[in-house]
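Since the structure comes first, as structure tokens, the remarks are kept for the end.
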Amino acid sequence: MLTDTFEILSSIVLSQDEIHAPYGGIVPELASRQHIASITYVVEESLSRAHLSLKDIDAYAVTQGPGLIGSLLVGLSFAKGLAYCFDKPLIPVDHLEAHVESAFIENREIPFPLLALLVSGGHTAIILLKKKLSFQQVARTRDDAAGEALDKIAKFLDLDYPGGPVIESLALKGNPKEFPFATPHMTDGSLDFSFSGLKTAALRHIREHNISKDHPKFVDFLASFQKAIVRALLSNMSKSIKAFKPRSLILCGGVARNFVLRQNFQKLARTFHLPAFIPSPEFCTDNAVMVAALAVEKIGHQKTGPLDLRLNAYPRKIR
Ligand code: KG4
Ligand code: ZN
């Protein structure tokens with residue numbers, strides 16, 4: 001729950017990691033069922049922590065997409081019901097744009113034009129903003145997202161879900177130079193990402209060296225793979241900075257919690273003499289504050305209309 005001046009009145013993040021962990025990845029039907037079972041609790045708890053009731057709410061923000069359609073529909077239907085019942089505006093928000101906005105929660109004065117590297121479990125993209133709210137995707141992944149590649153290799157090695165943070169903590173003791181990984185390049189000169197080649201290279205190392213949890217170089221392998229993902233992300237970011245000459249940089253999305261990525265992103269920004277804005281870890285993972293923050297900006301910029309009851313969810317990026 002957020003005020004129009006970005007004061008956070010309450011923030012509830014209910015993780016479903018435990019529910020999906022036995023499957024090594026998100027099971028869409030379980031995710032939707034968990035959403036419908038917990039949405040009332042999350043809304044009530046967030047009102048209670050803010051010492052507010054539903055009649056105090058001026059506007060509702062809701063994620064419209066992209067994401068898992070079942071979960072999106074639960075949230076959208078619930079928010080639509082509340083807005084309809086209390087006759088309040090319902091502001092639809094794009095999931096990826098909300099991740100970029102998460103950098104503004106703690107820093108409202110980020111210079112434009114800016115370039116954002118968004119790295120999450122389902123998406124990897126570079127987004128250019130010449131001014132507030134003008135989101136322009138300049139690069140995306142052609143196959144796996146970076147988080148997905150980390151999660152898949154972790155699952156293959158029988159590590160817990162989500163794999164990203166597990167790999168990060170094990171890799172702390174590893175040597176990232178032990179296993180060589182080539183940095184992927186697009187042959188058509190595009191700024192797009194591709195992580196399937198890195199995943200295949202990782203699987204080849206695993207087979208050739210019989211890598212498993214009790215291999216003496218297990219943590220070296222994880223450190224090398226994590227470093228390869230970070231290098232691939234930053235190599236494209238570096239090309240995009242040269243192409244678009246922004247005045248500031250943002251790193252966001254769940255994988256932006258990763259310390260090696262955060263550190264190397266800062267280093268990249270310094271080489272270009274640009275300020276880097278990276279949200280605190282709790283605002284990197286999916287959260288309601290970033291969705292509300294983008295809705296507040298849209299209201300401030302008059303980018304909202306009357307309650308639209310035809311509003312629908314979209315599973316993939318539509319622009
Ligand atoms: O943005 P997010 O919370 O959800 C999506 O929109 O996908 O991102 C989740 C992703 C997962 O792939 C997870 O493994 C990754 O973020 N992740 C991390 C770390 N914490 C979460 N990856 C690397 N290092 C971390 N510390
Ligand atoms: Zn997300």
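The values are calculated or read from the model by the stated rules, or taken from the named source; none is laboratory data. All of these numbers come straight from a predicted model, not from anything done at the bench. When we count neighbours, we look across all protein chains shown, and the Cβ atoms used for this are built from the backbone with ideal geometry, even at glycine. We work out accessible area using only protein heavy atoms, side chains counted, and drop any ligands, DNA or RNA first. Shrake-Rupley method; radii C 1.70, N 1.55, O 1.52, S 1.80 Å.
Which is farthest toward the positive dipole end of the chain among A59, L268, V166, measuring Cα position about the Cα centre, with Cβ charges +1 (Lys, Arg) and -1 (Asp, Glu)? Checked the options; the winner is L268. Any chance you could tell me what percent of the C-alpha pair distances in the stretch 195-307 go past 24 Å? Tail of P(r) above 24 Å: 47 percent of Cα pairs. Residues whose amide H comes within less than 5 Å of that of V62, counting only those at least five positions distant or on another chain, are I91, V93 (H built at 1.01 Å from N in the peptide plane). For K245, give me every one of the lysines with a C-alpha distance below 16 angstrom, ignoring sequence neighbours fewer than eight places off in its own chain. Correct list for K245: K130, K131. In order along the stretch 246-254, phi translates into HN-Hα couplings of x, 9, 7, 10, 10, 10, 8, x, x Hz, rounded to whole numbers, per the Karplus curve 6.51 cos²θ - 1.76 cosθ + 1.60 with θ = phi - 60° and x for Gly and Pro.
Put simply, when 31-44, 301-314 are sorted by average Cβ atoms within 10 angstrom per residue, most first, you get 31-44, 301-314.
Computed 3J(HN,Hα) for the stretch 266-276, one whole-Hz value per residue from the Karplus formula 6.51 cos²θ - 1.76 cosθ + 1.60 where θ = phi - 60°, is 4, 5, 4, 4, 5, 5, 9, 6, 10, x, 10, glycine and proline marked x. The distance from the alpha carbon centre of the stretch 182-219 to that of the stretch 261-313 is 30 Å, rounded to a whole number. With the helix formula -39500 (n - 2.57) applied to DSSP H stretches of n ≥ 4, the chain reaches a computed 222 nm mean residue ellipticity of -14000 deg cm²/dmol. Ranked from largest to smallest solvent-accessible area, with a 1.4 Å probe on the protein heavy atoms, L203, L117 come out as L203, L117. At the listed q of 0.14, 0.17, 0.19 Å⁻¹, the Debye profile of the stretch 1-154, built from one uniform point per Cα, gives log10 I(q)/I(0) equal to -0.87, -1.23, -1.40. Cα axis of helix 218-244 to longest principal axis of the chain: angle in degrees, 0 to 90, nearest 10? Result, in degrees: 60.
Pull up the DSSP beta bridges for the stretch 111-274 and report the antiparallel fraction as a percent, rounded to 5.
Details: 11 of 17 bridges.
DSSP beta bridges in the stretch 111-274 are roughly 65 percent antiparallel.
Please compute one quarter of the surface area of the Cα convex hull for the stretch 111-274 and express it in square nanometres. If I average the Cα hull's projected area over directions, I get 9.3 nm². Once the Cα-Cα distance is subtracted from the 0.36 nm per residue extended length, the R49 to H215 segment shows a gain of 55.0 nm. Amide H contacts of I250 (H built 1.01 Å from N, in plane; Pro and chain starts excluded): L115, A116, L117, F277 sit under 5 Å, all sequence-distant by 5 or more or on other chains. Partners of K155 within straight-line reach, counting lysines whose Cα lies under 28 Å from its Cα and excluding those fewer than 8 residues away in the same chain: K173, K177, K199, K213, K217, K227, K317.
Between I8 and L133, the contour length at 0.36 nm per residue exceeds the alpha carbon distance by 42.9 nm. Note on the stretch 256-307: Cα-Cα pairs beyond 14 Å make up 65% of the total pair count.
Quick check: the angle from helix 69-86's long axis to the longest principal axis of the chain, C-alpha only, nearest 10 degrees? The two axes meet at around 20 degrees. Computing FRET efficiency as 1/(1 + (r/R0)^6) for R207 and E106, where r is the C-beta to C-beta distance and R0 is 41 Å, gives about 0.40.
Modelled spin labels at S235 and R310, positioned 7 Å past Cα toward Cβ, are 4.6 nm from each other. Relative to the 2.2 N^0.38 Å rule of thumb, the chain has a C-alpha radius of gyration ratio of 1.02. Sequence-distant contacts, meaning Cα pairs under 8 Å at least 6 residues apart, place the relative contact order of the chain at 25 percent. When the Cα positions of P281, L73, F218 are compared along the charge dipole of the chain, F218 comes out farthest toward the positive end, with charges on each C-beta of Lys, Arg, Asp and Glu.
As a fraction of the 1.4 Å probe accessible area of the chain, surface on carbon and sulfur atoms comes out at 54 percent. Size of the stretch 67-127: Rg and Dmax of its alpha carbons, in Å, are 14.8, 40. For the set F179, F112, solvent exposure ranked by accessible area (probe 1.4 Å, protein chains only) runs largest to smallest as F112, F179.
Phi angles across the stretch 139-146 convert, under the Karplus curve 6.51 cos²θ - 1.76 cosθ + 1.60 with θ = phi - 60°, into 3J(HN,Hα) values of 7, 8, 8, 8, 9, 6, 7, 4 Hz, Gly and Pro given as x.
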